[in-house]
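Student: Handing you a structure now.
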Amino acid sequence: MNIAITNGLLLTPPAFRAGLGVWSRSDGTSGSPTWADAGNAGIVPADQDFGPCFEVVKQQTTTSLRFMGETPMIPGVYLRVSARVKIVAGPLASVRIAGWAGDGSRNAVAGLVTAGTTVALRNYGEVVEVSAIVGVGNRPGVDLPWGTRAVYGHFGLDLVGANGGAFRVESIRIDDITAAFVPSLLDWVDVRDFGAVGDGVTNDRAAFLAADQAAAGGSIVVPAGTFFISGDLSINSRIRFKGRLITPPSTRVSLLRSFDFPTYADAFGDETLGMKKALQALLGYTDHISLDLGGRRVDLDEPLMLAELAPTLEGFANRRVIQNGSIQAKPGPAWQTGRATSPGTYNPAQPYLLSNVANVAAIEVGSRIIGSGVGREVYVNAKNVAQGTLTLSQPLYGGAGTRQYSFERYRYLFDFSGVRELSRLNFSKVDFGCDRIASGVMLPQQGEMIQFADCYFTRPMDRAITSIGRGCQDLLVDNCQFISNDLDLPAQQRTTVAINVNANDIKIRNNRFVRFAHFMVANGGGHIISGNHWFQGDGSGQGLRYAGLVLTQPNVQTTVSGNYIDNASIEWTNEHSAIPNFTGSEFSFGGLTLTGNTFLCSNTVAWFTWITVKPYGSGHFIQGLNVVGNVFKALYGNVERIDRVDTSIADLNYNSMRNLQFEANTFNGINTYVSNPLMIQLTQNTATATWTTPVLTGLPFQGWARSVQSVVTEVALQSTSGARVDATPTVVPDSGTSKRQIRLTWSQPLRGRVCIYARMDRPQ
C-alpha cells in the first residue's frame, strides 16, 4: 500500500528554494516563528553536493527545523522522515529527525517519543543522511510509535550540541514505506518469492515447500500462472489460488489447512479435476478426515473413478467424510452405458465363477449380468483376461451350462469398483444430482461401515447405490431421499433400482424411496429395515404393483419394522442360489420378521399381494416368519389376500412348514383374513359322527391345515335324540384332496358348534 497513490497525498514537503515561510523554527504549529525572517539562515543557490539548499548558523542548543504542513497519521501506514545534512564551518554538532504530534483538537499529544536517533557530524563537508520511521503501530523498526491519539504531525530535524557551526540541509523527505511492513501486516507469502516460475513446465514443488516453511502459520498466495508440481506435495499453511496447478495423475496434493472442494477447484481450474485431486488426497493418509464441499455444486463431466486416482490403493479403513454439497452430472459421452455380449460357461460347483467367456477383455468390471438363469442385480466383481473368467457378485440359479449373456456397465458419479477394499467412508448431506445422466455410487469390492446420511439421490439413470461385492457389509443408509428416474412410467415399465446389497447387517432407516422398480434387492442377512417409506404406485387405474423390497437369501434373519409400504410388495426368493432346489443341507426360508408396518395399495389389481414368496427350486418351505402387528389397507378396490406363493418356477413344501406367526394384524379392504393360528367356527346342524371344515383359505400362503391348536365347543353338543353330550373329538388335519380341511370324528353322531384354532405349520 502507498498512500501517495491510494489517497492522493503529497507527503514530501516543498523544496527550500520555494521559500522558508512554511518552515518553523520551533514545533511547526500554526503561528510559530518561521525561518523566512531569521537573520542566521537563508538559501544557498548552488551547493556542490546539494544544489539549492538551506543553510543555518546554529545559535541555540537545540535548533529546530519543522515543516508546518500537517502530515496525516493513518493506522496501518508507516512513514520515513529523512534528511541529508553536512557541516561546513565552526564547532561540530549532531543531528536527528524530530517531530511534533497533534491530536484531533490540534493539541500536543504528551508522552510520545518525538525524536529519532542522534547522529554526530564529525567531518566538515561530509554528507550525512539521518532518518526515522514514524507510525501508529509499535512494531520492530518503528522509531516514533505514536499510537492512535496522534492524527497528524509536523516533521523535520534538530541540530543539537555546540553553537556557532554553519550547517546545510539538502531537503526534508517524507516517504510512505508501508510496503516494508507488508509481510507482517498481511501475514502471507507469495510462492514466486521462493523461486516458483509458473510456466507450466518447471517443477515448482520446491518453491511451494519453501513458501510453506516461510509462512510460519500465515498464508500462501499462488499468483496468476500455471504451476507444475511433480511429486507428492503437502502444504501445512492456508493457501489461496489465483493461478492453477497441473500435476501428473499420480501426484497427490494435500492442502492440509485448506482442505475443501472450493480450494481444490480453484487450484486446478476445473471442478471435475479439482474433485478428483481432493478425493486423491482424502484417501492418501493425510491428516484430515473430512472433505467439505463448502455448500458448492460440483459439476462433473465424467465419473470419478477412484482406482484411476489412486492406483496403488489396496485398502483403506480410516474414517473419511464427504459432506455438505451437491454432485451434479453434466451431459457428455463419458456417461454412456457400456454394453457387451458374450457366451460363458457356468458350473454350480464354482458358484461365483463364469468361465470360458469369449472376449473377456471387453467386459468391464462392475457390469450387470443379464441372461437366462441370472437373478436380479448380479454384477461382475473381477475378471481374469488370461484365463477367460469372470468373478460374480452372486451365484446363478440357472444350473450348469453354456449360455449367452449380456453385460451392461452403468456410469456412476462415484465409482469405487476398482478399489479392492474401502471401509468407513461416509457421505453426509450430499445431493447426488444424477439427473437422468448418471447413476449414483458404486461401492468397492470389499469394505464395511460405509454410510449415507441426510443425502439426496435425484433421478439416477439406472442405479442409486450399487454393490458389486461385499463392500456393503454393515452399510448404513439413514434419512435419505431417493427419487427415481422412472417417475412417469407405469410400474411394470420401471427399471431403476435404488439399492442392492450382497453382504450382511445392512441398516436402512428413515428414508424415502419414490417409484423405483425395486427400492432394494438384498442378499445376505442380519438386515434392519425400519422407518422407511417406499411407494411404487402410478396413475393408472387397476395398475400392476411390484416388489419394493426383494430378499434373495432364503434364511435372512431380517427385521422389517415401522415402515410405510405403499403400493409395493415384499418379495422373498432364493434366486441367488447356485443350487436352488432344497437339498436338506441348508436352511430354507426363515428368519424374517415384519412388525408394525403400514401396508397400503390403491387402484390395483385384485390379485395383488404384499407378501410374496418365490422359490426358484423345489422342496423349500418356511421355517420362521413373524407377521405381527401390521396394518393392511386397500383403497379404491379390494384385494383378495395379503400373501401368496409365486409358483412360476416351483411351489413350497407345505408339509414341512413350521414357526409361522400371523397375528394381531389389521385388515381393511382385504377379502380374505389371514392368520396363523386361524380361528374357524364350525357349525353342524345335523347330528353326525364326522364333521369336516370347508377348504381353509385363510391360512398363510394357503398352506395345508397341518395342525389344530385347540377345539372348543361354543354350544352344548347334542345327540340324535337331543340329549346333551360332553365329548372330545379326534382331530384329523391335512384332510381333503387339497389338505386344507380339518376333520373332527366323534364317538357318536352329534350336532352343535365348535371353535377350531388351526395352523398351517407344526411349531417346533
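The values are calculated or read from the model by the stated rules, or taken from the named source; none is laboratory data. Given the structure is predicted, the values throughout are model-derived calculations rather than measurements. All Cβ positions, glycine included, derive from the backbone under ideal geometry; neighbour counts span all protein chains shown.
Student: Can you name every residue in the stretch 137-169 that is farther than 30 Å from S105 by Cβ, of a type outside the set (G, A, S) and in a loop (DSSP other than H, G, I, E, B)?
Tutor: P140, N163, listed by residue number.
Student: If we scan the stretch 370-383, do we find a residue that is in contact with a Pro (Cβ under 7 Å, 6 or more places away or on another chain), part of a loop (DSSP other than H, G, I, E, B) and closer than 17 Å to N500 by Cβ?
Tutor: Within the stretch 370-383, not a single residue is in contact with a Pro (Cβ under 7 Å, 6 or more places away or on another chain), part of a loop (DSSP other than H, G, I, E, B) and closer than 17 Å to N500 by Cβ.
Student: Here's something else I'd like to know. In this structure, is D287 without any contact (Cβ under 8 Å) to a residue 24 or more places away in the chain, within 25 Å of A196 (Cβ to Cβ) and among the acidic types (D, E)?
Tutor: No; evaluated as a whole, the condition is false for this residue.
Student: Could you check V560 against (1) assigned to a loop (DSSP other than H, G, I, E, B); (2) more than 29 Å from Y346 (Cα to Cα) and say which number it fails?
Tutor: If we test V560 against (1) assigned to a loop (DSSP other than H, G, I, E, B); (2) more than 29 Å from Y346 (Cα to Cα), just (1) comes out false.
Student: Further question on the same structure: Taking P733, is it assigned to a loop (DSSP other than H, G, I, E, B) and either crowded, with 17+ Cβ neighbours inside 10 Å or free of Cβ contacts under 8 Å to residues at least 60 places away in the same chain (or both)?
Tutor: The answer is no for P733.
Student: Any chance you could count how many residues in the stretch 284-312 are assigned to a loop (DSSP other than H, G, I, E, B), in contact with a Leu (Cβ under 6 Å, 6 or more places away or on another chain) and surrounded by 14 or more Cβ atoms within 10 Å (Cβ to Cβ)? Walk me through it before giving the result.
Tutor: Narrowing the stretch 284-312 to residues assigned to a loop (DSSP other than H, G, I, E, B): 284-289, 293-296, 301-303, 310-312.
Going one step further and asking which of them are in contact with a Leu (Cβ under 6 Å, 6 or more places away or on another chain), we end up with 287, 310.
Still in the list and also surrounded by 14 or more Cβ atoms within 10 Å (Cβ to Cβ): 310.
Qualifying residue count for the region: 1.
Student: I've got another one for you. With the structure loaded, tell me whether E571 is at pLDDT 95 or above, assigned to a strand (DSSP E or B) and over 21 Å from L635 (Cα atoms) or whether it fails that test.
Tutor: yes
Student: To continue, here is another question. Could you pull out the residue among A517, A498 that is surrounded by 19 or more Cβ atoms within 10 Å (Cβ to Cβ), touching a residue at least 24 places away in the same chain (Cβ under 8 Å), of a type outside the set (S, T, Y) and under 19 Å from V605 (Cβ atoms)?
Tutor: Values: A498 fails: under 19 Å from V605 (Cβ atoms).
Only one candidate passes the filter, namely A517.
Student: Hey, among the residues in the stretch 145-178 that are within 60 Å of the chain's Cα centre (by Cα) and β-branched (V, I, T), which one's surrounded by the fewest Cβ atoms within 10 Å (Cβ to Cβ)?
Tutor: So in the stretch 145-178, the residues within 60 Å of the chain's Cα centre (by Cα) come out as 145-153, 173-178.
Of the ones still in play, those that are also β-branched (V, I, T) are 148, 151, 174, 177-178.
Values: T148: 10, V151: 18, I174: 22, I177: 15, T178: 19.
Taking the candidates together, the pick is T148.
Student: Separate question: Out of G28, G39, report the one residue that is assigned to a loop (DSSP other than H, G, I, E, B), of a type in the set (G, A, S) and either modelled with pLDDT of 95 or more or on the phi > 0 side of the Ramachandran plot (or both).
Tutor: G28
Student: Something else: Hey, any hits in the stretch 182-205 for a residue that's in contact with a Pro (Cβ under 9 Å, 6 or more places away or on another chain) and either aromatic (F, W, Y) or within 30 Å of G156 (Cβ to Cβ) (or both)?
Tutor: Residues of the stretch 182-205 in contact with a Pro (Cβ under 9 Å, 6 or more places away or on another chain): 184, 189-192, 196, 198.
The next check asks that each one be either aromatic (F, W, Y) or within 30 Å of G156 (Cβ to Cβ) (or both); those that pass are 184.
For the stretch 182-205, residues in contact with a Pro (Cβ under 9 Å, 6 or more places away or on another chain) and either aromatic (F, W, Y) or within 30 Å of G156 (Cβ to Cβ) (or both): present.
Student: From the list T693, T697, which residue is at pLDDT 95 or above and either aromatic (F, W, Y) or under 57 Å from the mean Cα position of the chain (by Cα) (or both)?
Tutor: On inspection, the qualifying residue turns out to be T697.
Student: Is the stretch 53-65 home to any residue that is of a type outside the set (S, T, N, Q), surrounded by fewer than 17 Cβ atoms within 10 Å (Cβ to Cβ) and either over 17 Å from D158 (Cβ atoms) or touching a residue at least 24 places away in the same chain (Cβ under 8 Å) (or both)?
Tutor: No - not one qualifying residue is present in the stretch 53-65.
Student: When the residues of the stretch 546-581 are filtered to those that are in contact (Cβ under 8 Å) with a residue 60 or more places away in the chain and of a type in the set (S, T, Y), which remaining residue is farthest from W607 (Cα to Cα)?
Tutor: Going through the qualifying residues, I end up with S577.
Student: I'm checking my understanding of the structure. Among residues of the stretch 643-671 that are part of a loop (DSSP other than H, G, I, E, B) and in contact with a helix residue (DSSP H, G or I) (Cβ under 9 Å, 6 or more places away or on another chain), which one is nearest to W691 (Cα to Cα)? Break it down stepwise before answering.
Tutor: The first filter runs over the stretch 643-671 and keeps only residues part of a loop (DSSP other than H, G, I, E, B), leaving 646-653, 657-659, 664-665, 669, 671.
Within this subset, residues satisfying the condition of being in contact with a helix residue (DSSP H, G or I) (Cβ under 9 Å, 6 or more places away or on another chain) are 652, 657.
Working: L652: 28, M657: 25 Å.
Step by step, filter the stretch 643-671, then rank; the result is M657.
Student: Could you check how many residues of the stretch 448-463 are in contact (Cβ under 8 Å) with a residue 40 or more places away in the chain and either buried (at least 22 other Cβ atoms within 10 Å of the Cβ) or among the aliphatic types (A, V, I, L, M) (or both)?
Tutor: Number of matching residues: 3.
Student: Can you go through V134, V130 and tell me which one is touching a Leu at 6+ places or on another chain (Cβ under 9 Å), free of Cβ contacts under 8 Å to residues at least 60 places away in the same chain and not in a helix (DSSP H, G or I)?
Tutor: V130
Student: Return a yes/no flag: does the stretch 314-323 have any residue that is over 19 Å from K429 (Cβ atoms), of a type in the set (V, I, T) and at pLDDT 95 or above.
Tutor: No, the conditions are met nowhere in the stretch 314-323.
Student: Check V88 against each of (1) surrounded by fewer than 17 Cβ atoms within 10 Å (Cβ to Cβ); (2) in a strand (DSSP E or B); (3) in contact with a His (Cβ under 7 Å, 6 or more places away or on another chain) and name the one condition it does not meet.
Tutor: (3)
Student: Oh, and also: Any residue in the stretch 263-274 that is touching a residue at least 12 places away in the same chain (Cβ under 8 Å) and either at positive phi or in a loop (DSSP other than H, G, I, E, B) (or both)?
Tutor: Taking every residue of the stretch 263-274 in turn, at least one turns out to be touching a residue at least 12 places away in the same chain (Cβ under 8 Å) and either at positive phi or in a loop (DSSP other than H, G, I, E, B) (or both).
Student: Here are G539, G584, G543: which of them is at negative phi and free of Cβ contacts under 8 Å to residues at least 60 places away in the same chain? Before you say what the answer is, go through the steps one by one.
Tutor: Working: G584 fails: at negative phi; G543 fails: free of Cβ contacts under 8 Å to residues at least 60 places away in the same chain.
Residue meeting the stated conditions: G539.
Student: Here are A664, A606: which of them is within 44 Å of the chain's Cα centre (by Cα), surrounded by fewer than 21 Cβ atoms within 10 Å (Cβ to Cβ), small (G, A, S) and under 30 Å from G752 (Cβ atoms)?
Tutor: After applying the criteria, what remains is A664.
Student: Now, a different point. So which residues in the stretch 388-403 are closer than 18 Å to S367 by Cα and not in a strand (DSSP E or B), if there are any at all?
Tutor: Residues satisfying the conditions are G388, S393, Q394, P395, L396.
Student: Ok, one more. Could you check, for the stretch 617-624, whether at least one of its residues is assigned to a loop (DSSP other than H, G, I, E, B), among the small types (G, A, S), within 43 Å of the chain's Cα centre (by Cα) and at negative phi?
Tutor: Yes; the residues of the stretch 617-624 include at least one that is assigned to a loop (DSSP other than H, G, I, E, B), among the small types (G, A, S), within 43 Å of the chain's Cα centre (by Cα) and at negative phi.
Student: Find the residue count for the stretch 327-369, including only residues that are among the hydrophobic types (A, V, I, L, M, F, W, C), outside any helix (DSSP H, G or I) and under 30 Å from C455 (Cα atoms). Break it down into steps so the answer makes sense when it comes.
Tutor: First, pick out the residues of the stretch 327-369 that are among the hydrophobic types (A, V, I, L, M, F, W, C): 327, 329, 334-335, 340, 349, 353-354, 357-358, 360-363, 365, 369.
If we keep only those that are outside any helix (DSSP H, G or I) too, we end up with 327, 329, 340, 349, 353-354, 357-358, 363, 365, 369.
Subsequent filtering for residues that are under 30 Å from C455 (Cα atoms) retains 327, 329, 365, 369.
The number of residues fulfilling the criteria is 4.
Student: Now for a different question. Could you please find all residues in the stretch 412-444 being assigned to a loop (DSSP other than H, G, I, E, B) and either in contact with a Cys (Cβ under 9 Å, 6 or more places away or on another chain) or crowded, with 23+ Cβ neighbours inside 10 Å (or both)?
Tutor: F416, S417, V419, C434, A438, L443, P444
Student: Shifting gears a bit: I'd like the full set of residues that are β-branched (V, I, T) and either within 13 Å of R740 (Cβ to Cβ) or part of a loop (DSSP other than H, G, I, E, B) (or both), limited to the stretch 678-707. Break it down stepwise before answering.
Tutor: So the first thing to find is which residues in the stretch 678-707 are β-branched (V, I, T), and the list is 680, 683, 686, 688, 690, 692-693, 695, 697.
Those that are β-branched (V, I, T) and either within 13 Å of R740 (Cβ to Cβ) or part of a loop (DSSP other than H, G, I, E, B) (or both): I680, T692, T693, V695, T697.
Student: Could you list all residues from the stretch 321-371 that are crowded, with 21+ Cβ neighbours inside 10 Å, of a type in the set (A, V, I, L, M, F, W, C) and closer than 27 Å to P460 by Cβ?
Tutor: I322, I327, A329, W335, L354, I363, I369
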